[in-house]
Each structure stands twice: as structure tokens, then as C-alpha cells.
Amino acid sequence: MNFDYTDKVKQMQAKLLAFMDQHIYPNEARFFAEIAQNRAKGNAWIPTQVIEELKPLARKAGLWNLFIPHSKRAPEGLSNLEYAPLCEIMGRVPFAAEVFNCSAPDTGNMETFERYASEELKDRWLEPLLRGEIRSAFLMTEPDVASSDATNVQCRIEREGDHYVINGRKWWSSGAGDPRCAVYIVMGKTDPEAPRHSQQSMIIIPANTPGVTVLRPLSVFGYDDAPHGHMEVELKNVRVPVDHILLGEGRGFEIAQGRLGPGRIHHCMRSIGAAERALELMCKRLNSRVAFGKPISAQGVWHERIAESRIMIEQARLMTLKAAYMMDTVGNKVAKAEIAMIKVIAPNMATKIIDWAIQAHGGGGISDDFPLAYAYAHQRTLRFADGPDEVHRNSIAKLELARQITTSHHDVEMPITRGS
């Protein structure tokens, strides 16, 4: 495995870092100020002007749709390994990925359309998503069941003639509160009597379809996360044509695995960027403060935490690059253990480092004067997004047990003898 960045990636890194310095960091305060103003006016879900102003600049700079590999509709897309260091840079600022049309859940949804949708659905939904004209949501999790086991999903998708009728309630539907959100990808049950992993299907629902109701936004540690947000959505007798189902009935788990693999590793790439920024802010703060007669950075406990932070970041980055390399070379299915491992490692690592950075900032760390409290809330949330830690650890353990069983017959047990 060679993780050296190519000249192409190095050039794009330099271009992206310059864009961040020129356009993203200087507008960070403006972004949150716009949201606060909209919230004070009674509607926090209005898209920010600053994002819309920066998107054309990103596209002009060639920093657009970098996440999607092997797409004729998005030839600028990179491999997972090429994208990793660039996605990491975007992860340093919460809203940056959207500027480059590389933000969740749109990235995962665009990959889903690219892989599994008909050409007609691609023309209708994928093209405007790739242009950044609309946004989308992915509806899987439900409030009434333990959705970490997706076989529990109860939303019904029932065929009636030339249409499917969908009934159910979803929550943590990220992006569904955005007025630009025009389309949902929904996971539901088409055949309760089918084998366990063939009961579910995925279907496309235009957001303005009758029977779709956004019930409420859900807060995350007190943040509404507007204008993106996470919504509870009711689907009541929602009717869509039969050609809106993806691949056919019973293929939901197959699609989910294809969609969630890239989504999970993208989250991890951004988590590394968030951790890098937290470490940077931690060191700057420690060097700027004096306590008990000497710089706080001279206190031994902070040496320990700084060193541990660097070690943890490097470990997570290498694991992410390995997973990305495997996704590119042997495919997502073969790389499922590596994807599961990094999905556990990266958010836990970032949460820990951000927590230390908050501690280094004292009372300021838990305020919105610094980006740390918001970053902590986001990283802690990622331990649930695209599957909780416990589910990924369970998958890793099962794969390891299976591997050990299949290799154990090669071992020759040597008898224990005495006196030889």
C-alpha cells in the first residue's frame, strides 16, 4: 500500500488550503451570524447567503463534486484515496463541505442515484444535485423501533397498481428541513414475509409529494443545526410511481451497504480534520495563557494530552487511508471490516481531542466564542450516524471470529511434553 499523495492531489491540497484561508475561515463568523439573524426572525431554516456566494467560487476553482468516483456525470470525482486528504481539510470547518458540494447526506444520496437509479431518475434528481441546485435527505431511522437493526424498520411500501403507497414515520432525517431539500431516499418494508434481509426496499419520494409532513426539528445537545438540521418526518399514504423503487423490491440492504460505506468513510475523513483543528486551537490556547507562574503549555499534563492527540490522529488517518485504498482496489464489500473499524475509531478520537481542547480553553471552550462546543456536539453525534459504535464493533467481532475459524484448521496443535 502506497499512501503517498500524487502530484495531482498535492496541487489540489494547495488549492483547497488557499481557498479555505481566503474564503472559509474569514466567513466562519458570518455563517453563524446569518443563522442567528434568521432564527431571531422566526425561521432558522433559510439557506445562508454566504454558502451560496461561495459555491460558484469553489466550482470555478475546480473544487467541486470531488467525492464521487467513476461517474460520467461528474468526471471531476476522485478515488477514495485521493479524496481523503481533501475531505479532511473540509472537515476543519463545519459548513465547508457544502461549499464544495461534498456534504452529507447529499454525497451518499448522489452515489446511490449514480449506482442504483434509472437514467430517468438520474436526469431528474442526480443532475441538479451535482449542480448544487437542490438538496436531499435519507430517511431510514424510525422513532418507534431500534433502528440500529435495520430489519426492525416498520415503514411500509405497498404496491397498488402502478404506484407504491408509503406509510411510516422517520426521524434524524438530516437535511429534510432545508427548503432546498427536493427529494428523499426512503428505506421501508415491502414484504414482511420475505427472508429477513429481503424485506426492505428503497424508494425515491419527491419532497413535495402529498402526504409528506415534516413534523419537527430535533436538537443535538441544544443545537438545532439549522439550516441543515435533523427532522422527524411523517409519510401518510404517500403515492409514487412504481419506477421510483431502486433496483426492485427486497434490495434495500444491498443498496444500504453500497450507500453507507462511502458515507461512513467521508465522515471519518472530516473527523480527522476536526481533530486537527482542535489540536491546533488547543496548542495556541495553552501557549497564550499563564497559570501558577508559567505557561499552561509547560504543565506536564498538557504534554501528555498533546502527544496523545498527535498519536491518535496519525493512527486514525492511516486507518482511514487503508480503508480508502481497499475500497478503491477490492471494493466496499471486501473492505467492510476496515470501514467499520474506522467508523468506530475516528469519531471517538475526534471527540476525545476536542474534549481536551475544550478543557484547555476553560470556560470559553463550552461557549460559542470558539468552534469547539459545536464540533464536540457534531462528533459525539457521529457515534450514532450511519450505525452506532456497538453495531460496528459487533460486525468487526463476527468477521474476526469467522476469520479465525476458517484459519484454525491450518494450525497443528503440538503435544505438551515434559522432561525433553
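Given the options Asp191, Asp178, name the one that is at pLDDT 95 or above, out of contact with any Asp or Glu (no Cβ under 6 Å at 6 or more places or on another chain) and not in a strand (DSSP E or B). Show your work before the answer.
Values: Asp178 fails: at pLDDT 95 or above.
Only one candidate qualifies: Asp191.
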Checklist line | Residue satisfying all of: in the range 289-343; β-branched (Val, Ile, Thr) and surrounded by 13 or more Cβ atoms within 10 Å (Cβ to Cβ); nearest to Leu279 (Cα to Cα) among these | finding: Ile306
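So, in the range 37-51, how many residues would count as being surrounded by 13 or more Cβ atoms within 10 Å (Cβ to Cβ) and not aromatic (Phe, Trp, Tyr)?
Within the range 37-51, residues that are surrounded by 13 or more Cβ atoms within 10 Å (Cβ to Cβ) and not aromatic (Phe, Trp, Tyr) number 8.
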Next item on the list: Kindly indicate whether Ala137 is over 27 Å from Ala316 (Cα atoms), crowded, with 21+ Cβ neighbours inside 10 Å and either in contact with a Gly (Cβ under 8 Å, 6 or more places away or on another chain) or at pLDDT below 95 (or both).
Entry: yes
Notebook entry, point to check: Can we say Gly62 is more than 28 Å from Asp386 (Cβ to Cβ) and not in a helix (DSSP H, G or I)?
Noted result: yes
Check: Just checking, which of Ile89, Ile68 is touching a residue at least 12 places away in the same chain (Cβ under 8 Å) and assigned to a loop (DSSP other than H, G, I, E, B)?
Finding: Ile68
Margin query: Looking at (1) farther than 23 Å from Glu314 by Cα; (2) in contact with a Lys or Arg (Cβ under 8 Å, 6 or more places away or on another chain); (3) not basic (Lys, Arg), which one does Asp389 not meet, given that it meets all the others?
Written below: (1)
Check: When residues of the range 288-333 are filtered for being of a type in the set (S, T, N, Q) and more than 28 Å from Leu399 (Cβ to Cβ), how many remain?
Finding: 4
Check: Does Ala357 fit the bill of being modelled with pLDDT of 95 or more, on the phi < 0 side of the Ramachandran plot and of a type in the set (A, V, I, L, M)?
Finding: yes
Margin query: Within the range 127-140, does at least one residue satisfy the condition of being in contact (Cβ under 8 Å) with a residue 60 or more places away in the chain and more than 18 Å from the chain's Cα centre (by Cα)?
Written below: no
Checklist line | the range 192-216, residues that are in contact (Cβ under 8 Å) with a residue 60 or more places away in the chain and of a type outside the set (Val, Ile, Thr) | finding: Met202, Ala207
Check: Got a number for residues in the range 101-147 being assigned to a loop (DSSP other than H, G, I, E, B), in the same structural domain as Pro69 (by TED's automatic domain parsing) and hydroxyl-bearing (Ser, Thr, Tyr)?
Finding: 2
Check: Has the range 255-262 got any residue that is of a type outside the set (D, E, K, R), surrounded by 18 or more Cβ atoms within 10 Å (Cβ to Cβ) and touching a strand residue (DSSP E or B) at 6+ places or on another chain (Cβ under 7 Å)?
Finding: yes
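The values are calculated or read from the model by the stated rules, or taken from the named source; none is laboratory data. All of these numbers come straight from a predicted model, not from anything done at the bench. Virtual Cβ from ideal backbone geometry, glycine too; neighbours counted across all protein chains shown.
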